[in-house]
Structure formats: structure tokens, C-alpha cells
Number of protein chains: 2
Amino acid sequence: MHATEISPLTKKLAAFVALSDGDLAVLARLHQKRRSFGAGREMVHEGETEQSAYILAKGWVCSYKLQPDGTRQIIDFQIPGDFLGLRSVLLRTSDHSFEPIVDILAAEVPKKDLLEAFTNTPRLATAILWVASRDEAMVVEHLVRLGSRDASKRMAHFLLELGARLTLVGLGSKSGYACPLRQYHLADALGLSSVHVNRVLRDLREAGLVSFRDGQVKFLDYAGLVKLAGFYTAYLDETGPLLL
Amino acid sequence: MHATEISPLTKKLAAFVALSDGDLAVLARLHQKRRSFGAGREMVHEGETEQSAYILAKGWVCSYKLQPDGTRQIIDFQIPGDFLGLRSVLLRTSDHSFEPIVDILAAEVPKKDLLEAFTNTPRLATAILWVASRDEAMVVEHLVRLGSRDASKRMAHFLLELGARLTLVGLGSKSGYACPLRQYHLADALGLSSVHVNRVLRDLREAGLVSFRDGQVKFLDYAGLVKLAGFYTAYLDETGPLLL
DNA sequence: CCTGCGTCCTGATCTCGATCAGTAAGACCG
DNA sequence: CGGTCTTACTGATCGAGATCAGGACGCAGG
């Protein structure tokens with residue numbers, strides 16, 4: 001990536017906070033150490049202590065927890081512009097594992113650099129903390145999805161949330177987005193069997209709401225889908241920053 | 001409460017971090033403004049921006065989100081020693097509502113005091129951030145509960161987690177604890193109907209594992225319950241602090 | 001005293017989604 | 001080229017848990 005190209009993270013932050021030239025410079029510096037990981041290889045194992053966080057530049061990752069009985073629950077997906085292991089660096093704890101869904105490209109951010117950035121550019125620091133807080137809000141919403149919505153609402157809500165997130169970094173729109181997930185990813189995330197995921201997707205497609213095919217999510221009736229899902233974006237686009 | 005009495009929060013922090021006299025003094029000061037709230041009255045409404053956080057001293061609170069269709073999903077319960085609205089103060093956002101389950105007593109912590117404490121006693125600040133991080137880990141675990149465990153495992157796991165949390169502040173033990181929750185609280189938290197909650201509780205009681213009656217949770221076979229639930233405490237007792 | 005309400009509890013029925021079983025179509029590989 | 005793997009898809013059956021309906025009990029207020 002050239003210095004002139006805008007990183008997804010920068011794009012995301014800029015949507016909510018006015019960043020100074022200094023902030024932008026620091027942000028660019030955090031993106032320097034590029035690393036790639038192959039699809040399927042576990043990156044951080046649950047319980048490990050990491051000394052680096054990553055900013056995802058390209059590709060998708062999922063974070064999950066394995067159960068004693070072998071089933072896995074996907075907690076969240078990370079898309080370009082998202083942090084990986086931010087909390088585990090700041091707080092020396094990691095309570096779930098990460099796995100790249102496709103080959104990914106990420107910027108490694110050593111603990112030291114991150115802490116430096118925090119002290120030198122407090123405005124950037126709050127912006128990053130705000131991002132972390134937004135991630136937590138998404139986890140809470142995911143919890144609500146699992147606890148009190150049926151299969152098709154879960155699916156609809158989830159696909160809409162992903163769309164909103166991708167749109168923020170320029171990878172999606174109200175008409176759809178490219179999506180490397182398999183049906184079993186959806187199953188593990190939404191607490192359904194992949195058989196049922198398949199049926200729900202067919203139902204939604206036949207109802208003319210959304211199609212999930214060949215790595216493409218296409219919104220056929222955005223408004224209808226929003227209504228079915230009860231999708232309110234308040235938890236995603238809390239306006240602006242904050243001060244610490 | 002007298003200055004000599006140890007607050008639940010102090011007890012909790014002390015279990016993980018060695019606090020200096022200075023830390024303890026600041027912590028005591030944060031506990032000064034006492035306020036009480038009646039059971040059932042909503043404290044913070046979803047979407048509101050609050051200028052104060054609270055440290056719960058006595059009683060139980062639940063945080064929840066309401067769905068368009070009227071059902072509510074309980075995100076978490078707060079017990080003595082827990083923060084209320086910590087994130088909403090630090091980040092000017094609140095994405096769920098709070099409701100006292102019984103009459104409660106809480107210490108109001110104005111934003112200003114909290115920020116002061118953060119700058120003056122960094123060690124205490126990290127301890128508090130660590131507490132926030134632990135709360136988030138519990139939300140994630142709750143998500144896993146909802147996504148990939150059946151009703152009785154959910155219940156067993158939940159009752160065990162509550163027990164572990166209460167034990168940390170001296171309100172519980174491996175033999176049980178006082179619990180003001182109603183069966184419908186369990187239902188709203190675990191994504192079950194209260195009818196089914198009732199049945200599951202009966203089953204667990206008749207299996208000689210745990211009883212939930214008259215405001216008392218009694219562990220009849222702790223080891224057996226742990227085994228049934230697949231209850232691992234790693235996410236609760238990450239050792240020690242951290243540095244920021 | 002009765003009345004009404006909230007909570008606990010139980011039985012009967014129905015339904016959503018899991019599980020089992022199997023087909024079909026690529027992709028990769030020797 | 002045939003084999004093996006992964007993924008998508010469909011039908012049949014089964015079961016966990018929702019829903020409906022109603023009863024028992026304690027408690028507050030008239």
C-alpha cells in the first residue's frame with residue numbers, strides 16, 4: 001500500500017472523528033509492518049498472551065471460542081479496518097482465538113508503538129478506544145440476536161450489520177457486498193446448523209429480500225429486510241467522539 | 001457505610017491487584033455520594049448520555065435491551081462491587097438500559113471525579129479498566145451460552161458464574177448464595193420461556209445438582225454441576241493486572 | 001372476609017430447527 | 001483420467017423448547 005492510499009481504518013475513524021495531520025501521520029506509521037497469514041491457520045490461541053495487535057488491511061478473520069464438545073461459537077468477524085487483539089495487548093488477556101477466513105494482510109502493531117501513539121496523540125487514542133467500544137456494542141447486539149430472535153431474523157440482522165460495517169470502509173453498499181464466508185461460518189456465528197442456514201437463505205432469497213451466493217451478498221429489498229430484522233443502527237453509528 | 005468497612009469493589013480489586021494506601025484512599029473517596037433507587041424503576045434509558053457512573057454497593061441490577069416485539073434480552077446482571085454505566089461515561093454512549101431488581105444502594109461517581117482518579121492513580125485506573133475488560137469477557141461468555149448450549153447447560157453455567165462472581169465479593173460460596181432473581185429474570189437472560197426455566201430448575205434440583213428456591217441458590221453437587229455446564233473459570237480469574 | 005395480583009408450578013400441544021441421510025457439483029491432485 | 005474433499009442443497013424424522021391453558025399459593029388492599 002502506498003502512503004497516499006487511505007487505509008480502511010483511517011476511513012472508518014475519519015467517518016466519526018476529525019483527525020489532524022499529526023494523527024494521520026501516526027496512524028500511517030502504525031500501518032508499516034505488513035504481515036500476511038494463510039487462510040485457516042490459527043493466529044492467536046485462546047489464553048495466549050500476545051505482545052502485538054494487528055490492524056486488518058485485507059481479508060476477513062473470525063474470532064471464536066471452542067466448546068468442550070467440539071462445537072465452536074463465532075463471536076465476531078473482523079473486516080478490513082478492524083483491530084485484532086487490541087484488548088489482549090492493552091490488558092494482557094485473550095479470551096478467544098482468531099482464524100483467518102481467507103488469506104489476509106495485516107499491519108502488526110507492537111505494544112510499544114501502540115502505547116506511544118496513545119500518549120503522543122490523545123485524540124487518536126480516544127478514537128481507537130471508541131472503536132473498541134463500538135466493537136463491544138456489536139458483541140452485545142450479537143448476544144441479543146442469539147437470545148431473542150428466530151433463525152431468519154438472526155440471518156437478516158446479521159447480513160445487514162455486516163453490510164453497514166463494510167459500507168463504512170468502502171467495501172459495501174445498500175445493494176450488496178462481496179462476502180467470503182461459507183454457510184458454515186454463518187451457522188457457527190448464528191448458533192444454527194448449516195443445513196438450516198441453507199434453508200433460511202433459500203427462504204430469504206425466494207422472498208425477494210436478499211441473496212447469498214457465489215461470494216456475493218445482494219440486497220434485493222433493503223427496506224423489507226430492515227423491517228424483517230428489526231434492524232436499528234443506533235448501536236453502530238453513535239455520533240462522534242468523546243473525550244477522556 | 002463507615003470508612004473502615006471494606007466496599008465490595010475494593011474487595012474485588014484487592015483480589016487481583018495490590019492496592020497502595022493512596023489507591024485505597026481515592027477508592028474510598030469515589031464511594032462518598034450515596035444514592036438509592038427503588039426496585040423496578042428504570043435508571044438509564046438506552047441511548048441516553050449520562051454524566052455519572054455508579055458503583056453498586058447493595059442490591060442487584062440488570063442491564064437489558066428491548067426488542068421491537070416487546071421481548072427483552074437481559075445482557076448482564078450487576079451485583080455489589082460492579083460498575084454501572086462505566087463505558088457510557090468514558091465514551092458518551094449507552095446502548096442499553098438499567099433496572100434495579102431490588103431496592104439498591106449505589107455510589108454516584110461523577111465523570112469529573114472518575115477522570116481525576118484516572119490521572120492521579122494510574123494503578124487504580126488500570127485496575128478499573130481491567131474490571132471493565134472482565135465484564136466484557138463475561139458478555140462474550142454469555143453470548144457463547146446463548147449460541148451453543150442447551151437449556152440446562154445454560155442454566156447450570158449461569159448459576160455457577162454468578163456464584164463465582166458473588167464469592168469474590170464475599171456474598172457467596174461453593175455451597176450457595178442469596179439470589180433475588182425471579183424465574184422470569186432467568187428466562188429473559190437465558191433466552192428461554194419462564195415455563196421452561198421452571199422445568200429446567202426442577203430437573204436440576206431433582207438431579208441433585210442445584211436448587212433455586214426462596215431467594216436462595218444452593219449448590220447440592222458443585223463438581224457435578226461444573227461438569228454438566230462445562231464451566232471453566234479462565235475468563236473470570238485472569239491473573240493479575242496489566243500495565244497500560 | 002373476599003378480591004386481585006404476582007409468582008410458582010404442571011400438563012397438553014405445536015413448531016422450529018437439529019439430526020440423519022443422501023445427491024450433486026466443483027476444485028484439487030495423483 | 002478417476003479419486004477424494006469441500007461445499008451446496010433437499011427430504012424425512014425427531015426432539016427441545018415455545019405456547020396455550022389452568023391451578024395453587026402467598027400477600028396487599030378494600
remark   = Quarter of the surface of the C-alpha convex hull for region B:8-134, i.e. direction-averaged projected area in nm², equals 7.4
remark   = Reduced to Cα centres, the span from region A:128-162 to region B:187-233 in Å works out to 28
note = Result for region B:55-127: accessible area per residue, probe 1.4 angstrom, in square angstrom, of 32
request  = Identify all lysines with a Cα-Cα distance to A:K111 below 27 Å; exclude those on the same chain that are fewer than 8 residues away in sequence.
outcome  = A:K11, A:K12, A:K33, A:K58, A:K65
inquiry  = Give the lysines reachable from A:K174 as a straight Cα distance under 16 Å; neighbours fewer than 8 places away on the same chain don't count.
reply    = A:K218, A:K227
request  = Output, in nm with one decimal and in ascending order, the distances from the B:A151 label point to the matching label points of the other copies (7 Å from Cα along Cα-to-Cβ).
outcome  = 1.9
query = What does the helix-only formula give at 222 nm for chain B: each DSSP H stretch with n ≥ 4 adding -39500 (n - 2.57), the total divided by the residues, and the result rounded to the nearest 500 deg cm²/dmol?
reply = -13500 deg cm²/dmol
task = Report relative contact order for region A:119-244 in percent, whole number only (criteria: Cα-Cα under 8 Å, sequence separation at least 6).
result = 30
ask   = To the nearest 100 Å², how much accessible surface do chains B and A cover up together, summed over both, with a 1.4 Å probe?
value = 3600
request  = One decimal, nm, shortest first: give the distances between the label point of B:G22 and those of the same position in the other copies, each label point 7 Å from Cα along Cα→Cβ.
outcome  = 2.6
message = Report the Cα-based extents of region A:83-200 along its three principal axes, largest first, to the nearest Å.
response = 51, 31, 29
message = I'd like the carbon and sulfur percentage of the solvent accessible area for chain B, probe radius 1.4 Å, heavy atoms only, ligands and nucleic acids excluded.
response = 52
key: Paramagnetic reach from A:R213 (point 7 Å along Cα→Cβ, amide N under 16 Å) across region A:141-177   = A:176-177
note = Distances in nm between the label point of A:P180 (7 Å along Cα→Cβ) and its equivalents in the other copies, shortest first, are 5.0
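Given Cα positions, please report Rg to Rh for the protein assembly as shown, the hydrodynamic radius being the Kirkwood one.
0.95
The values are calculated or read from the model by the stated rules, or taken from the named source; none is laboratory data. Small disclaimer: the values here were computed from a predicted structure and weren't measured. Glycine also receives a Cβ, built like all others from the backbone with ideal geometry; neighbour counts cover every protein chain displayed. These area figures cover heavy atoms from the full protein model, side chains too; ligands, DNA and RNA do not enter into them. Shrake-Rupley method; radii C 1.70, N 1.55, O 1.52, S 1.80 Å.
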